[in-house]
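Just so it is clear, none of the values below were taken in a lab; they were calculated from the coordinates. Treat the numbers as computed from the prediction; the structure is a model and nothing was measured. Glycine also receives a Cβ, built like all others from the backbone with ideal geometry; neighbour counts cover every protein chain displayed.
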Amino acid sequence: MKKTISLEKKIKKIFVKIVMFVLGKAIQSASRWDSIIRHETARWPDGFIVALEVLPWGPRMSLKKQDGCLKYLGAGPGDVNLLISFKNIECAFLVFSGLMGSEQGFIEHRMTVKGDLAVSLSLIRIINLIEVYLYPGIISRRLVKKVPGLSMKQHALRLYIMLIGIPTGI
Amino acid sequence: MLPSYYEFINPVKIVSGNKAVDNIPYELNQLGVKRPMIVTDQGVVMAGLLKVVENAIADSELAIGAVYDTTPPDSSLEVVKEIAGIYRSNRCDSFIAIGGGSSMDTAKGVNIAITENSDDLSRFIGAEMLKNRLQPFVAIPTTAGTGSEVTSVAVISDTENNVKMPFTSHYLLPNVAILDPRMTLTLPPKLTAATAMDAMTHAIESFINLQKNPMSDAYATAAIKIIRENVVNAVKNGKDADTRLALANAATMAGIAFSNSMVGLVHSLGHATGGICHVPHGIAMSIFLPFGMEYNLEKARGVIGELLLPLGGSELFACTPKTSRAEAAIKIVRKLQTDLYSFCGLPMTLKDAGVPRNKLEQIAQAVMDDGALTFNPEAVNQADALRVLKMAYE
């Protein structure tokens, strides 16, 4: 029997793919400038690759630790050190659309983790911070347990990530 | 209120009752195996508990393929490799683990090595890295605390690189858990108290934290009630088989609960304190439990208040205003701590447990790397962890 993927799911896949690109570029940029993210990734081995994918056929994004920062690789290689797989597009959509925090997604078994659990927790903390940067307070308060008070420098970084970091990855 | 989504798994067959160990031949026969390897430790041998299992198997068609009875307190990679070699050379086809968390974890580690035909366990570190169903596994706990007989986790130490290797997979769940009061009758009072408080913490944290669900709640509240009703008697009158069986059941129920809804800050503090200062896990749990409950009061006051029913009974619950139930539940846990201190000297503070004050900062730092924090209702940073550690110090 021929399988037909619904239009709704196709749209959600495109949406998730776009958000993955934005998230990837934002993380790449923030990892150059944000001391909290640099502190988190300091313990990741150099060359470490983490991928987020939606089962069974994507979309997918990868990040690689390189020269002390994280580099967005797009879909990236098949063989990675840490693989976080969303069980289906509905699970991924909840998290990437801001309807659910990444931590809550983890708690609700919306994703599986293959690899080092300590690094996966570190990644979740990084994504939490990026969510605080990208979303207005009214949304980020729903997504993370505690919204950290941003310093003036972090407010400036937030603007930088949105205006320069995401388009250029710098 | 139901969570918007949850998952729950417990495929472990529970065999509970007096002389339940004598069912081992039947259970292994059901699993289609004939040459089990026994993994245990010297404490179990000295207490005569290995003999109980050997006697049960002697009267059957099964043959014990091999016995490894020198499992160290911390499961290590070297031991896993050694046991795997013995398993292979004796053509064993299944495992019987007898003991506490260490024997269980070691046997689980060997099971991975055998099934995956690799002594390099580092390939399987992390969550859901196992692809094959493991060899049949029967778990016989000799402490009522860890819940390892129903958990999908194993931790093995890589002593060469000085790291702990965690493995999580539903394949690590044993096939059968046997709860026989004979296996815990000889547990000394202090160890009885510490392991019971470990089980109590499993149950309470699984009920409070963010992954809680109606199935795990049912196991958790049942476990809390049984522990509360039996722990003091088990400490004072260790030879009471009914009390021992009750605690063994409670520990297993608490294990099922936390295996499905995880633990929180109390365990993060305990893991870090144990790792740095070698405080036994049960003692650390007992010390940190009331502080962990207090820390989460703002975010989880309602569910902590609900714990007053299994902790204090229906009359106290009914007489206590809803707004005061959470504090009343914490008060009962503190009273239990005091009772256990007076009956068997179970430490109530980190100072009593031999933790040097100058280690608190290091412990607080290590807390931040513990996965259980993710499931804690209240956010925790290093300063928060240090504050709780200072409160628990003396």
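Over all directions, the average projected area of the alpha-carbon convex hull for segment A:7-165 comes to how many nm²? Could the numbers behind the result be given before it?
Details: hull surface 35.3 nm².
That works out to 8.8 nm².
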I'd like the Karplus ³J(HN,Hα) series for segment B:130-142: coefficients 6.51, -1.76, 1.60, θ = phi - 60°, whole numbers in Hz, and an x wherever there's a Gly or Pro. 8, 10, 10, 5, 7, 5, x, 9, 10, 10, 10, x, 10
What does the extension gain come out to for A:I14 and A:K87, with contour length at 0.36 nm per residue minus their alpha carbon separation? 24.6 nm
With a cut-off of 8 Å between alpha carbons and a minimum separation of six or more residues, what is the relative contact order of chain A in percent? 25 percent
Expressed as a whole-number percentage, the relative contact order of segment B:13-183 with C-alpha contacts under 8 angstrom and at least six residues apart is 28 percent
Find which of B:A272, B:T349, A:G68 sits farthest along the positive direction of the dipole of the protein assembly as shown, computed with +1 on the beta-carbon of Lys and Arg, -1 on that of Asp and Glu, about the Cα centre. A:G68
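Distances over 35 Å make up what percent of all Cα-Cα pairs in the protein assembly as shown?
On the way: 62970 of 158766 pairs.
Every Cα pair in the protein assembly as shown considered, those over 35 Å come to 40 percent.
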Per-selection metrics, segment B:154-294 (Cα): Rg and Dmax in Å: 15.3, 44
Note: probe point = Cα of A:L55 + 7 Å toward Cβ; backbone nitrogen < 20 Å; residues of segment B:94-127 passing the test are B:124-127
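Let me spell out the model: positive unit charges on the Cβ of Lys and Arg, negative unit charges on the Cβ of Asp and Glu, origin at the Cα centre of segment A:7-165. What dipole size does that give, in debye rounded to 20?
Working: 23 positive and 12 negative charges, 60 e Å.
That gives segment A:7-165 a dipole magnitude of about 280 debye.
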Extended-chain gain in nm, criterion 0.36 nm per residue less alpha-carbon gap, B:R334 and B:R357: 6.0 nm
For peptide B:109-118, compute the average count of partner chain beta-carbon atoms within 10 Å of each residue's beta-carbon. 0
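If you add up the charges near A:R32, with Lys and Arg at +1 and Asp and Glu at -1, over every other residue whose beta carbon is less than 11 angstrom from its beta carbon, what do you get?
Details: positive: A:R38, A:K71; negative: A:D34, A:D67.
The answer is 0.
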Spin-label model distance (nm) - A:L150 vs B:K13, 7 Å beyond Cα toward Cβ: 5.8 nm
Using all Cα-Cα distances in segment B:189-393, what percent lands in each 5 angstrom bin from 0 up to the longest? 1, 9, 17, 21, 21, 17, 10, 3, 1, 0
With θ set to phi - 60°, apply the Karplus curve 6.51 cos²θ - 1.76 cosθ + 1.60 along segment A:38-55 and write out the HN-Hα couplings as whole Hz, x wherever there is a Gly or Pro. 5, 5, 5, 7, 4, 8, 6, x, 5, x, 5, 10, 10, 10, 10, 9, 10, 7
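Normalising by the residue count of chain B, find the relative contact order in percent from Cα pairs under 8 Å and 6+ residues apart. Each step should come with its number before you reach the end.
Numbers: 787 pairs, mean separation 58.7, N = 394.
Answer for chain B is 15 percent.
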Which order do peptides A:150-163, B:67-80, B:229-242 fall in by mean Cβ count within 10 Å, highest first? B:67-80, B:229-242, A:150-163
Between B:Q365 and B:M46, what is the FRET efficiency for a Förster distance of 60 Å, r being their Cβ-Cβ separation, to the nearest 0.05? 0.95
Using a Förster distance of 45 Å, the FRET efficiency for B:Y341-A:L159 (Cβ separation, nearest 0.05): 0.20
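Express the Stokes-Einstein translational diffusion coefficient of segment B:13-183 in µm² s⁻¹, to the nearest whole number, given a Kirkwood radius over alpha-carbon pairs, 37 °C and a viscosity of 0.692 mPa s. Can you show the working numbers first?
Numbers: Rh = 15.6 Å.
It diffuses with D of about 210 µm²/s by this estimate.
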Enumerate the whole-percent occupancy of each 10 Å bin, from 0 to the last occupied one, for all C-alpha pair distances of chain B. 5, 24, 34, 25, 10, 2, 0
